[in-house]
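A short write-up of the structure that comes next.
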Amino acid sequence: MTVISRDRSTCERPKSAKTSALETKQAILFCALAFVASRSLLLTVGYLAYTGRLPLSISPDRAMNEVFANPFLDIWFAWDSNWYLSIVTDGYQPEAGSAAGAGFKQANWAFFPFYPWVSANTAYITGLSAEVSLLLVANIAFLAALFLLYRELTDLADESAAKLAVILLLVWPGTHFFSSAYTESLFLLCVVATLRFARLHRFLAAATVAALATLTRSPGIMLVFPIALYAWQAWAKTAGRPLTVSSGFKFALSMDGAKTLAICCLPLTALLGFMAHLYAVSGDPIAFANIQEAWGRQPRNPFMEFVRPLIAPSTIPIGQWPDYLSMWLLPIPIYLLWRDRNWPYLTFAAILCLLAITAGVVSLNRQMLVVFPITAIVAMTLARSKLATIIVIPLAALGAFILMAFWSAGYGVV
């Protein structure tokens with residue numbers, strides 16, 4: 001059994017600079033080639049669907065996604081991409097519904113500022129349009145995330161698991177979001193970097209990146225839990241104490257615990273800063289939460305969400321079935337993380353899964369794409385079984401192509 005919580009950074013033999021440089025080049029080459037191959041296939045499927053060359057009718061809703069008047073670019077710029085564009089060009093709205101249209105009373109308050117901020121600065125520096133900058137930032141962030149993920153899985157397990165983790169993210173249903181004008185890529189990069197820094201006991205760096213994750217998407221605030229758990233594990237190892245409730249209290253009362261608490265305030269400070277900005281603009285510091293109902297997100301009983309498709313399948317919109325299928329699969333990686341006793345990974349994954357299900361399973365499929373611990377444990381499990389890999393990867397790729405076709409044809413599979 002592979003135990004992914006083992007910290008190999010203290011037991012590996014030092015590598016020469018030449019060996020390390022060669023491994024880095026190999027990792028970059030693998031990630032880049034896999035990225036180009038997968039995006040080329042998705043682009044082909046998307047183009048055929050967008051131009052009506054597949055046995056799939058084009059939805060009238062596709063008109064809102066025709067930003068570039070170029071199918072090769074428009075297929076990556078759809079739905080929520082327009083909200084991020086509105087933040088880049090006009091900032092946050094003073095009131096709901098002023099730019100939402102269709103009477104939904106939506107507002108761009110629901111979308112956090114770091115991704116549009118980076119994109120706006122990219123546009124300013126390069127002279128590119130805001131639309132192109134949004135796509136450029138997303139794809140660069142995705143490539144960086146793939147490389148960092150590869151290095152982290154190599155440390156935690158081996159090169160085989162690292163390659164499988166990269167492939168999984170490139171072929172899993174919904175992978176097109178990583179190359180679209182969405183926050184998935186930037187958030188994934190922040191999550192992997194935070195967990196890697198925390199595992200290496202670089203807690204200030206971890207909390208700083210967690211603050212950026214929080215400014216990218218609200219669940220980023222939950223990264224304080226794995227940071228704190230890694231800090232507790234480091235303290236317990238140094239003090240020679242077991243990981244028990246008693247030692248947890250002693251850690252919380254120790255100087256190291258106080259430092260950890262102070263460091264973990266960075267993501268909270270980032271969130272409070274965004275709330276202050278929203279208050280100045282809209283008069284509501286938690287407008288990002290209150291506006292969620294306009295997208296059909298509201299607190300629900302997570303148990304009932306698990307069984308609702310079984311007892312009332314007619315209440316599930318066709319576009320949400322991929323989300324419910326993903327929800328039914330979630331207990332598998334959660335169990336695997338529990339079995340391997342990786343408490344920082346398990347805690348973060350479980351919290352994000354519970355939040356997504358409690359919010360009503362809307363967009364759960366793509367929300368789970370950025371939960372790195374799930375990708376990591378699935379990749380390491382598949383690395384131990386060629387048969388499972390042969391079955392899972394092609395099925396995942398097929399699902400990715402199907403979702404890409406519907407997405408490009410204008411259907412709301414988001």
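The values are calculated or read from the model by the stated rules, or taken from the named source; none is laboratory data. Since this is a predicted model, take the numbers as computed values, not measurements. For neighbour counting, all protein chains shown are included, and Cβ atoms are generated from backbone atoms with ideal geometry for every residue, glycine included. Ligands, DNA and RNA are excluded from the accessible area calculation, which covers all protein heavy atoms including side chains. Shrake-Rupley method; radii C 1.70, N 1.55, O 1.52, S 1.80 Å.
How many nm separate the modelled label positions at TYR335 and SER129, each set 7 Å beyond the Cα in the direction of the Cβ? Using points 7 Å along Cα→Cβ, the separation is 4.9 nm. Rolled with a 1.4 Å probe across the full set of protein chains, the surface gives TYR92 an accessible area near 30 Å².
Net charge dipole, the chain: roughly 1420 debye, given to the nearest 20, about the Cα centre with Cβ charges of +1 for Lys and Arg and -1 for Asp and Glu. The alpha-carbon positions of the stretch 148-196 define a convex hull whose volume is 63 Å³ per residue. Taking THR244, THR89, THR122 in turn, the Gaussian network model of the chain (Cα-Cα springs below 10 Å) assigns the largest fluctuation to THR244. Here VAL245 and ARG202 are evaluated by their C-beta separation; at R0 = 30 Å the FRET efficiency comes out at 0.65.
Accessible area ranking (1.4 Å probe, heavy atoms, ligands and nucleic acids excluded), largest first, for LYS237, LYS386: LYS386, LYS237. Largest first, the residues MET304, MET368 sort by 1.4 Å accessible area into MET304, MET368. Placing a pseudo-label 7 Å from each Cα along the Cα-to-Cβ vector at ALA32 and LEU355 gives an inter-label distance of 3.5 nm.
Taking every Cα-Cα distance in the stretch 201-257 and sorting them into 5 Å bins starting at zero, the pair-distance distribution P(r) comes out as 4, 19, 27, 19, 14, 11, 5, 1 percent. Given a 1.4 Å probe and the protein chains as shown, ARG62 ends up with an accessible area of around 40 Å². Convex hull of alpha carbon positions in the chain: directionally averaged projected area 21.9 nm².
The largest accessible area among MET327, MET222 belongs to the first residue in MET222, MET327, and the rest follow in falling order (1.4 Å probe, all chains). Could you list, in their original order, any pairs among LYS163/LYS237; LYS237/LYS386; LYS25/LYS163 whose Cα atoms are separated by more than 25 Å? Beyond 25 Å between Cα atoms: LYS163/LYS237; LYS237/LYS386.
Taking a span of 30 Å or more along the helix axis (Cα atoms) and a mean Kyte-Doolittle hydropathy of at least -1.0 as the rule, the DSSP H helices of the chain that qualify are 17-50, 130-156, 255-282, 386-408. The modelled label-to-label distance for the pair SER57/PHE306, using points 7 Å beyond Cα in the direction of Cβ, is 3.8 nm.
Taking all protein chains together and rolling a 1.4 Å probe, GLU293 ends up with roughly 120 Å² accessible.
In summary, the convex hull built on the alpha carbon positions of the stretch 46-203 has an orientation-averaged projected area of 11.9 nm².
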